[in-house]
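Heads up: the structure comes next, in structure tokens.
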Amino acid sequence: MTSTYDDVSRSADARGALAGPGPVPGPVTLRAGSHPGRDTRAAHDPAADAAEADTAGADDGGDAPVTDDRDPAEVVTAMVGHVLAVAATWTEWNGDPVHTDGRVYTPHKAIRRVTDHLIDHLAELEARLAGEETQPDHWHASAVTTPADLAPFTRDDLDEARSRLTRLARIWAHRLGSLTVDQLDRSPGTGWTFRALAFHVAESAYYADALGELPPPAPGLRGQND
């Protein structure tokens, strides 16, 4: 199935932040030194970081994301809004990666992981609705940092991320909005319910929060990404 090792945080703190009261989820709360949880719906991905394998939890029977009575479509779109708001502070990034939970994050890497997570679970949802097997996992996820991840993050990159992620969010919203309550809560195929899957996807806020809001550079350094 898709996404053997999603390295999005599924700690109790993260799920609590997303399941709390209010119309939109806030940023994921991370405990110091905690490792992102992983999704283990398929065979082990040998490219994943074996040191974190013991944090994995199965979709079937336990460790599912906490859900509540919020519209799952709004939960996903609110996450994307939060990610883009944080990303708006990255256009003057100084090129120094941020180390969080034993991994390295940069602006492009955070956007890559949010995008891939949305695509991955959308593909899972569509396959299960079609009665098909989901795709085997081949994501390297946050275990790798590519040369593209280390590139400057410009205002044009932010604009591209906005266009990309808002469209993906709308696809999720339209698809979730088309499902019945029965399909959301007694979903076909193997894995979490589609409602739980939407709340799990909303945990992609982790990637933006792993980097966090970046302060503007000193006045003499402004404009390097123009």
Test for Arg195: is it of a type in the set (D, E, K, R) and in contact with a strand residue (DSSP E or B) (Cβ under 9 Å, 6 or more places away or on another chain): no
Ala198 vs. criteria hydrophobic (A, V, I, L, M, F, W, C), modelled with pLDDT of 95 or more and surrounded by 24 or more Cβ atoms within 10 Å (Cβ to Cβ): yes
Filtered residue count, segment 148-188, keeping only those that are crowded, with 17+ Cβ neighbours inside 10 Å and not in a helix (DSSP H, G or I): 4
Evaluation of Met79 against (1) over 24 Å from Thr134 (Cβ atoms); (2) of a type outside the set (Asp, Glu); (3) modelled with pLDDT of 50 or more (one fails), failing number: (1)
Residue match in segment 194-205 (condition: more than 30 Å from Thr106 (Cα to Cα) and not in a helix (DSSP H, G or I)): no
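Yes/no matrix, rows are residues, columns are (1) buried (at least 20 other Cβ atoms within 10 Å of the Cβ); (2) within 17 Å of Ala148 (Cα to Cα):
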{"residue": "Ala87", "(1), (2)": "yes, yes"}
{"residue": "Arg103", "(1), (2)": "yes, yes"}
{"residue": "Thr115", "(1), (2)": "no, yes"}
{"residue": "Ile119", "(1), (2)": "no, no"}
{"residue": "Ala123", "(1), (2)": "no, no"}
{"residue": "Arg128", "(1), (2)": "yes, no"}
Meets criteria (open to solvent by 70 Å² or more (accessible area, probe 1.4 Å), assigned to a loop (DSSP other than H, G, I, E, B) and free of Cβ contacts under 8 Å to residues at least 24 places away in the same chain) for Glu213: no
Residue that is farthest from the chain's Cα centre (by Cα), among those in segment 114-142 that are β-branched (Val, Ile, Thr) and not in a loop (DSSP other than H, G, I, E, B): Ile119
Residue pairs meeting the criteria (Cβ under 9 Å; at least 6 apart or on separate chains; first on the phi > 0 side of the Ramachandran plot and assigned to a loop (DSSP other than H, G, I, E, B), in segment 89-113; second modelled with pLDDT of 95 or more and surrounded by fewer than 20 Cβ atoms within 10 Å (Cβ to Cβ)): Gly95/Leu150; Gly95/Pro152
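The values are calculated or read from the model by the stated rules, or taken from the named source; none is laboratory data. Given the structure is predicted, the values throughout are model-derived calculations rather than measurements. In this analysis, Cβ positions are derived from the backbone assuming ideal geometry, glycine residues included, and neighbour counts consider all displayed protein chains. Heavy atoms of the whole protein, side chains included, go into the accessibility calculation; ligands, DNA and RNA do not. Shrake-Rupley method; radii C 1.70, N 1.55, O 1.52, S 1.80 Å.
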